[in-house]
Amino acid sequence: MGPDDHTPNYQASSAHPGDDSVVLNQASKMPQIAIPPRRLGYGISTKIKLNRVSALEPESVNREIPLPVTSAPSSKRSRVNEISPQGPFEQRMQKTPHEVYKKRLKWDPDRLHGRRRRGIRGAKAISSHANNTHVTRNWIICAGALVIAIVVGAISLSVFSKDESEIAKVSIYKEIKQEVAQKESMSKREQLLSELFDGEDQAKKIFAKYATSRSVDDFIDTIYLSDKNRNLISKIWEPMDVEPGWEPNKFCTWTVDEDADAQFGILSGMLADLSGFTAIFRKEGDSMKMDWRATTAHSSADYSALMKGEGDTKEIRAILSPDDFHTFTLPEGVYRCYKLSSPDRMANIWAYTKLKSVIDQKLISQFTPGQLIGEVSSEIPVVLVLARGSAEFLPNQWIISKVVRLSWLDE
């Protein structure tokens, strides 16, 4: 292949250097070259490299010749932008002073090629990963601490609530137990009262047997606490001289009463000789029994002896009422006076308690108005233990050392 194969088929005419008209005439005879449309946004200029033909250098190649552009040609020479494979940034960097170019390359040379250095990106990634790992570790620690705190709090609350529930259960159990005991007590009391209300006929039969008996063995099985009272009854009991076959008549009265801890029935009526009687009956198990000590108002000493300052005073049944019999030995500002009347009201003695003592408070409370009906008792039956005072006491003056019962019932 010869050199003419790559050379355009024309000859340069003789012309003077610098003659533009010759150059344009020769260029017009060249085949037309289609310029591709401009690509926007990729930094490619509209310049295209062409072989320029010059009359002065007929054999030269790789010369640039101007092509028509949209702008109007100048009077001297039409300028055609060069087509360069370099982008705008590279062109600007070529025109930049060497020191600035060097500084920019030193600042971020990889940016010239549109990418970041892998080393920097790796270091930043490692740093970011370390930071993320540190933050994640802190979050895990905080979350673990929070979970532990919640678990401990839940356990504490469960233990505390369990303790409270146990205390509440014990308290509720005690209350229920007390209520059950009260109900049982009330039911037992109500049952006893009901049985006593219905026991009038049985009480009449028991008293008729007692009144017509000729020996202790005839009635001892109908006595309340018979084993305890058998010897005492055998010593002091005397027959009532009532004819066999006698029974209380229909005019007898039957009442039911109770003291602090016992329920009892009272049968009152007339004997065959028209003398009155009063008998006390109580329940012992499932049987109705007569309280012999309460019925006979038994005392360990006779009132005739007590009036002399003598006798056994461990069990004295009396009718007690407030009184004002004071002496220099027993002044009113130190002692409270009570009158003790015999059950048949035929004899009286005086007994004293120290003011505001336990015994005095127990006795005087029986003579204060009731909260519901406001009634005031003037006298009450009692069982007392008496004691002798100093030598200055009068024979019929005694000290109350114990209140056995606020009724005549047997203990």
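For the pair Asp257/Gln178, report the inter-label distance in nm, with labels modelled 7 Å from Cα in the Cβ direction.
Placing both labels 7 Å beyond Cα along the Cβ direction yields 3.1 nm.
Quick one: if the Förster radius is 41 Å, what FRET efficiency do Asp286 and Ser365 give, using the C-beta to C-beta distance and rounding to 0.05?
FRET efficiency, Asp286 to Ser365: 0.70.
I want to make sure I understand the PRE zone here: with the label point 7 angstrom from the Cα of Leu355 toward its beta carbon, which residues in segment 373-411 have backbone N atoms less than 19 Å away?
Those under the cut-off are 399-400.
Taking amide H positions as placed in the peptide plane 1.01 Å from N, state which residues far from Leu355 in sequence (5 or more) or on other chains have amide H under 5 Å from it.
For Leu355, whose amide H was placed from the backbone, the distant partners under 5 Å are Tyr335, Arg336.
Quick one: which of 140-149, 279-288 comes out on top by average Cβ neighbours within 10 Å, and what's the full order, highest first?
Answer by packing, highest mean first, reads 279-288, 140-149.
Between Ser304 and Lys250, what FRET efficiency follows from the Cβ-Cβ distance if R0 is 41 Å, with the result rounded to 0.05?
The formula returns an efficiency of 0.60 here.
How large, in Å, is segment 267-411 by the Kirkwood hydrodynamic radius built from its alpha-carbon pairs? Kindly include the intermediate steps, with their values, before the conclusion.
On the way: mean 1/r = 0.0605 Å⁻¹.
In segment 267-411 this quantity evaluates to 16.5 Å.
Neighbouring Cβ atoms within 10 Å as the yardstick, rank Lys204, Lys235 fewest first.
Starting with the residue having the fewest Cβ neighbours, the order is Lys235, Lys204.
In whole Hz, with x marking every Gly and Pro, tabulate ³J(HN,Hα) for segment 327-339 from phi via Karplus 6.51 cos²θ - 1.76 cosθ + 1.60, θ = phi - 60°.
Residue by residue, segment 327-339 yields 10, 5, 6, 10, x, 5, x, 10, 10, 10, 9, 10, 9 Hz.
Hey, quick one: spin label on Val403, modelled 7 Å out along Cα-Cβ, who in segment 327-351 has an amide N within reach, i.e. under 17 Å?
What the label zone holds, given the 17 Å backbone N cut-off, is 335-341, 351.
Could you put Arg137, Arg189, Arg405 in order, starting from the residue whose Cβ has the fewest other Cβ atoms within 10 Å?
Arg137, Arg189, Arg405
In what sequence, highest mean first, do 221-227, 268-274 appear when ranked by Cβ atoms within 10 angstrom? If you can, show how the numbers build up before the last one.
Numbers: 221-227: 16.7, 268-274: 12.1.
Answer by packing, highest mean first, reads 221-227, 268-274.
Coordinate-derived values only; no laboratory data. Everything numeric here is computed off the predicted structure, so don't read it as measured data. Cβ: placed from backbone, ideal geometry, glycine included. Neighbour counts: every protein chain shown.
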